[in-house]
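See structure below.
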Amino acid sequence: MNQIVNKSIKLTTTLLILMSCLFSYAQNTQEFKGQILDKNTNKPLALADLTVTKSNISTVSNSEGEFSLKVPENLINNSVVVSYLGYQKLEFKLLDLKTNMTIYLEQVPTVLAEIDLVTPQDAAELVKKTFALKGDNYFNETIFMTGFYRETIKKRNRNASLSEAVVTIKKQSYTTNKSDDITLIKARKNTNYARLDTVALKLQGGPFSSLYTDVIKYPKFIFSNNTMANYDFTFGRTTQIDNKLVYVVNFIQKKTISSPMYYGTLYIDAKTSALTSASYNLNVENREEAGKLFVRKKPLTATVYPTEASYRVNYRTKDGKWYFGYSNIILTFKVNWKNRWFNSKYTLQSEMAITDWEINENAVKTKTQKLRPNSILQNKASGFSDPDFWGAYNIIEPEKSIENAINKISKQLKKE
């Protein structure tokens, strides 16, 4: 159950610049930028999905609703689909997407249009059904993904470390117990070690921790056969995604359970019982017990405990099959030092977005070295001064704070 927390801390990766990549991207691409807002409130919509039709190319909007989408010239006449939980799906021609265009999405009321739709009475049984049907609802063959990964570590509100990478993922079938594999295509990192101490350096996650938020692929981390009975499940208000009805199931550990477990919300497709997304947190009320889940080693003069451990995973669908599309992890810790007046606060945030995928195994042109889950990210700051560093790869548009951090790194490199 708690392995996902341990892996979020223990699993780190060494970024290796590989000579080859998974997919052959067209050199000539056109980039579209814009922002997605709520039509009524003008509120930015974070993590909205943008997918190019007749392809597997996609991206997500950042926390400020901003996005960047790079499309090969041979797909420029296709359309783009913009979708967001609880909002009306929007589709239009890529050629109609102007530079820095603002896209407005409109909330839709939940309408029980299907007369024969039978609302389940037992939320726990619906969750069990979701896992039982994973072989029907999710890819039961290996697919090869390209993803963008970003990880930041902050000491209080100041950036101490920034890592970004384009990764290749060999996503194993949802019906097998085989773990996913990751290789690195391109990466950059910069760390200000003056802002980090020996405890903070243990808080690095890596791309593998993002994959483990996939609760359908790795149910043992939260909803194993042994732990399912330790939760209470209740229905929330139903919603929609892509004009399809979605059940909302809330879960929380039973009051009789004292050890730290999870609480959160599952969004389950009403027709197929497939999990479309999930957001959940670790219960960190018991500081001592929660701290044991994260901290392997620390100085004797320090007390370390988590104040937040939140996770999110989104799935996408193609031809009736769902697959892992996006994940986000936020881990916040406090470090109290003996004989010091002030404590230290560290926040690690990591996210991964799948930007393309392929079923054909021959897409891997040459053998590449796999990343080991226990390796560390190596500094390679040179890429921050190159505005075209990512080339034709789709990335998550950086937020303003990250843009400022990149600008500072670039200025520092120019001085050196």
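For the range 51-95, what's the relative contact order in percent, using C-alpha pairs closer than 8 Å and at least 6 residues apart?
After rounding, I find 34 percent.
To the nearest 0.05, what FRET efficiency results for GLU358 and SER259 with a Förster distance of 60 Å applied to their C-beta separation?
The pair GLU358/SER259 has a calculated efficiency of 0.90.
Straight distance only, please: which aspartates and glutamates reach the Cα of LYS178 with their own Cα at less than 19 Å, same-chain residues fewer than 8 apart left out?
Within reach: ASP136, GLU141, ASP214, GLU358, GLU361.
List the aspartates and glutamates whose Cα lies under 19 Å from the Cα of LYS189, skipping any in the same chain that are fewer than 8 positions away.
GLU151, GLU164, ASP197, GLU351, ASP386, ASP388, GLU397, GLU399, GLU403, GLU416
May I ask you to derive the relative contact order of the range 43-162, considering only C-alpha pairs under 8 Å and at least 6 residues apart, and to give it as an integer percent?
14
Check which residues have an amide H placed less than 5 Å from ASN283's amide H, if you skip close sequence neighbours.
Correct list: MET261, TYR262, TYR263.
With each pseudo-label sitting 7 Å past Cα toward Cβ, what's the ASN339-ASP386 distance in nm, one decimal?
Here the answer is 4.7 nm between the modelled labels.
For the range 339-346, take each phi angle, set θ = phi - 60°, evaluate the Karplus expression 6.51 cos²θ - 1.76 cosθ + 1.60, and give the result in whole Hz per residue in order, putting x for glycine and proline.
Working through the residues one at a time gives 6, 10, 6, 10, 8, 10, 10, 10 Hz.
Under a plain spin-label model, where a point goes 7 Å from the Cα along Cα-to-Cβ, how far apart in nm are ARG237 and THR142?
Reported label-point gap for ARG237 and THR142 is 4.6 nm.
Between LYS408 and SER310, what is the label-point separation in nm under the 7 Å Cα-to-beta-carbon projection?
Those two pseudo-labels are separated by 2.3 nm.
What FRET efficiency, computed as 1/(1 + (r/R0)^6) with R0 = 30 Å and r the Cβ-Cβ distance, is obtained for SER224 and THR119, rounded to the nearest 0.05?
So, using R0 = 30 Å, E works out to roughly 0.65.
Taking all protein chains as present, what is the carbon and sulfur share of the accessible area of the range 220-351, in % to the nearest whole number, probe 1.4 Å?
Here carbon and sulfur together make up 47 percent of the probe-accessible area.
Given the pairs LYS170/LYS318; LYS134/LYS186; LYS220/LYS345; LYS43/LYS345; LYS89/LYS400, which are separated by over 22 angstrom at their Cα positions?
Distance filter (> 22 Å) returns LYS134/LYS186; LYS220/LYS345; LYS43/LYS345; LYS89/LYS400.
When the Karplus curve 6.51 cos²θ - 1.76 cosθ + 1.60 is applied with θ = phi - 60°, which whole-Hz ³J(HN,Hα) does each residue of the range 68-84 get, with x for Gly and Pro?
Per residue, the Karplus-derived 3J(HN,Hα) values read 9, 10, 9, 10, x, 4, 6, 10, 5, 8, 6, 9, 10, 10, 10, 9, 7 Hz.
Between SER173 and GLU289, how high is the FRET efficiency from 1/(1 + (r/R0)^6) when r is the Cβ-Cβ distance and R₀ = 41 Å? Nearest 0.05.
FRET efficiency, SER173 to GLU289: 0.70.
Arrange the peptides 219-225, 278-284 so that the one whose residues have, on average, the most other Cβ atoms within 10 Å appears first.
278-284, 219-225
The values are calculated or read from the model by the stated rules, or taken from the named source; none is laboratory data. The structure displayed is predicted, hence computed values, not measured ones. Positions of Cβ are backbone-derived with ideal geometry, glycine not excepted, and every protein chain shown enters the neighbour counts. Please note that ligands, DNA and RNA were not included when accessible areas were found on the heavy atoms of the full protein model with its side chains. Shrake-Rupley method; radii C 1.70, N 1.55, O 1.52, S 1.80 Å.
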